[in-house]
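Below is one structure; the comments refer to it alone.
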Amino acid sequence: MIEKVRGFRDSFPEDMVPRQRMFDIMRQTANKFCFSPIDIPSLEYLELYKIKSGDELLTQTFSFKDKGGRELTLIPEATPSVVRMLTARKDIRKPVRWFCLPKLWRYEEPQSGRSREHTQFNADIFGDESLYADAEIISLACATLDKLGLCGTYKVRVNNRFLMEKILERAGIKQISKGYSLIDHFKKISKEEFEKELMDLSDDKEMLLALTELLGTEIKLSELDKKFPETFKSGNEEIIFRLMNTAKLVSKQTDAELVYDASVVRGLGYYTGIVFEGFDIKGEFRSIFGGGRYDNLCQLLSGTSMEAVGFGMGDAVLELLLRRNNNWDAEVKNNSVVFCALSKEAIDMCFSLVKTVREYGYSTTVDTSMASISNQLKKAGANGMGFAAILGPKELEDKKITIRNMKTGKQAVGSFQDLIQMMLELSEN
RNA sequence: GCCGGGUUGGGGUAGGGGUUAUCCUUGGGGACUGUGGAUCCCCGGACCCGGGUUCAAUUCCCGGACCCGGCCCCA
C-alpha cells in the first residue's frame with residue numbers, strides 16, 4: 001500500500017458534493033458580477049515568481065527542472081499567471097473583470113486550514129483605479145460568502161497601504177518594511193514584546209504610543225472620519241474618504257461589517273492602496289480571504305503598466321467554516337430516481353426509460369442487482385435518492401410502473417409515459 | 001526547516017513481551033419469498049515502516065514516514 005503524498009488530500013464524494021456546491025456558488029456569484037472565467041496553467045517558469053517575491057517563497061514551491069533543464073514550478077499563487085495572460089494580449093478592452101478557480105501548491109508544513117494543495121477562488125479587476133473597482137472586488141468576496149450562508153459569521157478588516165506609510169512616517173519609523181513586518185505580528189506577540197520591538201524603530205515615544213493604541217482599535221468604516229485619531233488624520237483626509245466611500249458602496253451589496261484595522265497590512269510588499277482580509281468573527285480560523293490593490297505589479301512583471309485590484313479565497317478555511325455552520329452535507333437530491341428492477345425483463349425495460357428521464361433533468365440509474373425489493377429500497381434510501389421507480393413482473397404485465405417518493409413514502413402507479421408527470425405530482429406534496 | 005502530541009480492520013476503539021487481538025460501526029451475502037435505515041444469521045477486514053533489545057516485539061528502545069496542532073511564511 002503506497003501512502004498519499006504528505007500534505008495532499010483525497011476527496012471522497014461526501015466531501016466533493018459540498019465542495020462542488022461551494023465552487024458552483026463562487027462561479028455563479030462571479031458571473032452575476034460580470035466577471036469572466038479564465039483558467040491558468042498549473043506549471044509556470046520559476047522565474048515568474050523570482051521577480052516579485054523573495055527567496056522565502058521560492059523555498060516553498062514545488063519546483064523542479066524539466067528534461068530541458070528549465071526551472072518549472074507548480075504555481076504557488078494565481079496573480080502572476082493572470083497578469084502574464086492579460087499583458088500578453090493587447091486587444092482586451094479595459095476594465096477587465098476576470099476570475100478563476102485554480103489549484104495552488106505550497107511546499108510548507110501542513111496545519112489547520114492549510115494543506116500543500118488547495119483551490120483558490122481568485123478574482124481581479126484590471127485597468128480601473130477607482131474606488132468603484134475596490135468596492136466591487138470586496139462586494140464580490142462578501143456576496144459569495146453571503147450566498148454560502150455565512151452572512152453574519154464574518155467581517156472584513158480594511159486598511160490602506162498609503163495611509164499606513166504616512167502613519168509610520170509620522171511615528172518616526174524610517175524602516176517602513178520592518179514596520180510592516182512588526183505590525184503583521186501585532187496580534188501574535190505580547191504587548192510588551194511588541195512595544196519593545198517598536199521602540200527600536202523610532203525615538204518618538206508619544207507617537208509610538210498613539211500607533212500602538214490605533215493598532216489595537218477597530219473602527220467602523222462608516223465612522224472613520226469621526227473616530228480616526230487626530231494625530232494621524234491631517235493630510236490623509238482624501239484616503240480616509242476613499243475608504244469610507246468604498247465601504248458605503250460595499251454596504252449596498254452586503255450586510256457584512258467593514259472595519260478599519262491598522263494591523264492589517266498583508267504580508268506582501270506589492271500592495272499599493274486598499275488592503276483587506278475577511279475574518280471569522282469567532283476568531284477560530286485563519287483569514288477567509290485576502291486581497292487589495294496592486295497597481296505596480298503589472299509593470300514589474302511585464303513592463304506594461306496596469307491598475308489592478310483583486311482577492312484570493314482559499315477553499316480550506318472556507319470548508320472549516322462551513323463545517324462549523326453545519327453546511328457541509330451531501331443533501332438529498334429530489335431530482336434523482338433509481339429504477340428498481342425485479343426481473344431480467346424489467347432491467348431491459350428500465351434501460352429504455354432512463355434516457356427520457358435524464359432528458360427531463362433527473363439523475364437516474366438502474367439497480368441491476370436483482371435483489372429483493374426491500375433491499376433495493378433500503379439501498380435507495382441510504383443513497384439519498386428522491387424517487388424509486390419500481391418495475392417487476394406485476395407492472396410489466398400491465399405495462400405500468402410504480403413510482404415512490406422516498407421522502408414521503410407516497411406512491412403512484414401509471415403508464416410509462418406518465419412517469420415524469422407522476423413524479424412532478426408526488427413532488428408537490 | 002523547527003517544536004509538541006499521535007498512529008491497532010474503511011471509520012471509532014479495547015488490550016497488551018508469548019492468546020485464535022476485543023467491541024461497535026461500515027462493507028459484502030442471506031432470512032423476512034413485492035415496499036425502506038428494524039431484527040437475526042454468515043462472511044471479509046488491522047497492530048505504519050525500518051533497525052535494535054529479547055528465546056520471543058503489535059507491545060519496550062531508536063530512527064523514518066504519515067496524521068493533528070503550533071512556529072516560520074502567507075504569495
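The values are calculated or read from the model by the stated rules, or taken from the named source; none is laboratory data. Computed from a prediction, not measured in an experiment: that's the story for all the values here. Counting neighbours? That spans all protein chains shown, and the Cβs are built from the backbone with ideal geometry, glycine included. We work out accessible area using only protein heavy atoms, side chains counted, and drop any ligands, DNA or RNA first. Shrake-Rupley method; radii C 1.70, N 1.55, O 1.52, S 1.80 Å.
What the table below lists for this structure:
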read-out	value
Lysine pairs within the range A:333-428, Cα separation less than 17 Å, 8 or more sequence positions apart or different chains	11
Accessible surface of chain A, 1.4 Å probe, proportion on carbon and sulfur as whole %	49 percent
Per residue solvent-accessible surface (Å²) - chain A, probe of 1.4 Å	52 Å²
Sum of side-chain charges, residue A:161 neighbourhood, beta-carbon under 11 Å (Lys, Arg +1; Asp, Glu -1)	+1
Hydrodynamic radius (Kirkwood) for the range A:333-428, which is based on Cα pairs only, to one decimal in Å	12.8 Å
Centre separation in Å (Cα based) which lies between the range A:233-295 and the range A:54-96	26 Å
Convex hull of the range A:200-318 built on C-alpha atoms - directionally averaged projected area, nm²	10.0 nm²
Cβ-based charge dipole, the range A:13-324, positive-most Cα from A:167, A:34, A:216	A:34
Net length gained if the chain between residue A:369 and residue A:28 were fully extended (0.36 nm per residue, minus Cα distance)	118.9 nm
Candidates per GluC sites (Glu not before Pro) in the range A:1-48, loop by DSSP, up to 11 other Cβ within 10 Å	A:3
Ranked order, A:21, A:293 - accessible area, probe 1.4 Å, largest first	A:21, A:293
In the range A:195-259, the trypsin sites (Lys or Arg not before Pro) that fall in loop regions by DSSP, at most 15 other Cβ within 10 Å	A:233, A:252
In the range A:202-269, GluC sites (Glu not before Pro) in a DSSP loop with at most 12 other beta-carbon atoms within 10 Å	none
Where only alpha carbons of chain A are counted, the Rg and the Dmax (Å)	27.7, 96
Between the range A:181-224 and the range A:371-391, the alpha-carbon center distance in angstrom	63 Å
Kirkwood Rh, Cα atoms: Rg over Rh of the range A:2-105	1.03
Accessible area of residue A:98 in the full protein assembly, 1.4 Å probe (Å², nearest 10)	40 Å²
Ellipsoid equivalent to the range A:95-167 - semi-axes via the Cα gyration tensor, in Å	24, 18, 17
Unit charges on C-beta of K, R, D, E only; dipole of chain A, Debye	900 debye
Given A:220/A:252; A:65/A:103; A:178/A:227, the pairs whose alpha carbons are separated by over 18 Å	A:65/A:103; A:178/A:227
Three-way shape call for the range A:47-196 based on the alpha-carbon gyration tensor, with the a/c threshold at 1.5	rounded
Residue-span extension gain [residue A:50 to residue A:302] - 0.36 nm each, minus C-alpha spacing	89.4 nm
Highest-MSF residue in chain A out of A:306, A:16, A:244 [GNM, Cα springs under 10 Å]	A:16
